[in-house]
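Encoded as structure tokens, the structure appears first; notes follow it.
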Amino acid sequence: MRLATVIFASTIIASPALAEEVSYAIEGEAFTGYWAEAENPRGLVLIIHDWDGLTDYERQRADMLAELGYNAFALDMFGVDTPTDTVDHRRAATGALYQDRERMRVLVKAGIDQALARSSVDQMIVKGYCFGGAVALEMARSDLADLASGFASFHGGLDTPEGQSWDGDEPPILVLHGGADTSITMQDVATFATELEEAGNTYTIEVYSNAPHAFTVFGSDSYQARADAASWEAFSTFLSDRLSG
């Protein structure tokens, strides 16, 4: 069990009903996810981590979701033997998956299987941070899309890979973006919005002024409390609108 202490307007987030590391294997390779369970869950949230792998940040977000009344599973996209200590390591880990979208989808499906095996509810929202946001959108464009009721990206990659497109039938999409993000620019946001608009998708994009890339990451130089609180509120509303429990 873990105690997540996160302060939004002086509110302390308590421990979930159950929290544990989850070891699983994909084609003989070892992975470790994190499960946080609510007492009376209203739905399930799948969390996809940033390029530094599954860390205490994603665990803390899972605990926060459990406190809100949702089961949460933070999956592992890299495997326990993949180094993530340096920028070069992280570029290698994410680059390998960007170049192998089929592998990316296999890893997401394995995480979904782990989550559904533990959850008493199966209505699910998928959320991702930075790299994880790009993975969430990859799932939305894939044949896995029907497993979720919606997709959310926090300061995530928005590019649509060559050979892929939006057909307009995907579940609703929520994008939470920093206006001062120099990694994913406002032009990228505009291009993404145009693609979804032309396809006829249901989507919402919120832009937070002066918020840099990774503005939700606690304790980092990029953290902006105002944008973090506003994006969390927007995501909480998205959950309550999309998950009936």
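Worth a mention:
- Count of segment 156-180 residues, restricted to those that are within 18 Å of the chain's Cα centre (by Cα) and either of a type in the set (F, W, Y) or part of a loop (DSSP other than H, G, I, E, B) (or both), is 8.
- Listed by first and then second residue, the pairs with beta-carbon distance under 8 Å, at least 6 apart or on different chains, first residue in segment 204-222 and in a loop (DSSP other than H, G, I, E, B), second surrounded by fewer than 17 Cβ atoms within 10 Å (Cβ to Cβ) and of a type in the set (K, R), are A211/R226.
- Cross-chain or 6+ apart pairs with Cβ under 9 Å, segment 76-100 first and among the acidic types (D, E), then part of a helix (DSSP H, G or I): D76/L107; D76/A110; D76/G111
- Residue list for segment 60-98, filter: in contact with a Phe, Trp or Tyr (Cβ under 9 Å, 6 or more places away or on another chain), in a loop (DSSP other than H, G, I, E, B) and hydroxyl-bearing (S, T, Y): T84
- In segment 167-183, of all residues being aliphatic (A, V, I, L, M) and buried (at least 21 other Cβ atoms within 10 Å of the Cβ), the one that is nearest to R226 (Cα to Cα) corresponds to L176.
- Residues located in segment 15-31, provided they are part of a loop (DSSP other than H, G, I, E, B) and among the acidic types (D, E): E27
- Subset tally (residues that are under 16 Å from the mean Cα position of the chain (by Cα) and open to solvent by less than 20 Å² (accessible area, probe 1.4 Å)) for segment 214-233: 5
- Test: residue in segment 115-129 that is closer than 25 Å to T194 by Cβ and either in contact with an Asp or Glu (Cβ under 6 Å, 6 or more places away or on another chain) or acidic (D, E) (or both): yes
- Selection count, segment 178-223, where residues are among the polar types (S, T, N, Q), touching a strand residue (DSSP E or B) at 6+ places or on another chain (Cβ under 9 Å) and on the phi < 0 side of the Ramachandran plot: 6
- Looking across segment 54-93, the residues that are farther than 22 Å from S119 by Cα and in contact with a His (Cβ under 9 Å, 6 or more places away or on another chain) come down to F78, T82, P83.
- Out of A148, A229, A152, sole residue that is in contact with a Pro (Cβ under 7 Å, 6 or more places away or on another chain) and within 22 Å of G69 (Cα to Cα): A148
- Check on Q164, farther than 27 Å from A36 by Cβ, open to solvent by 10 Å² or more (accessible area, probe 1.4 Å) and touching a residue at least 12 places away in the same chain (Cβ under 8 Å): yes
- Criterion applied to Y57, Y34 was being assigned to a helix (DSSP H, G or I) and under 14 Å from the mean Cα position of the chain (by Cα), and the one residue passing it is Y57.
- Of all the numbered requirements in (1) farther than 24 Å from A96 by Cα; (2) buried (at least 20 other Cβ atoms within 10 Å of the Cβ), A140 misses one, and that requirement is (1).
The values are calculated or read from the model by the stated rules, or taken from the named source; none is laboratory data. None of these values were measured; they are calculated from a predicted model. Neighbour counts run over all protein chains shown; Cβ positions are idealised from the backbone, glycine included. Side chains included, ligands, DNA and RNA excluded: accessible areas come from the protein's heavy atoms. Shrake-Rupley method; radii C 1.70, N 1.55, O 1.52, S 1.80 Å.
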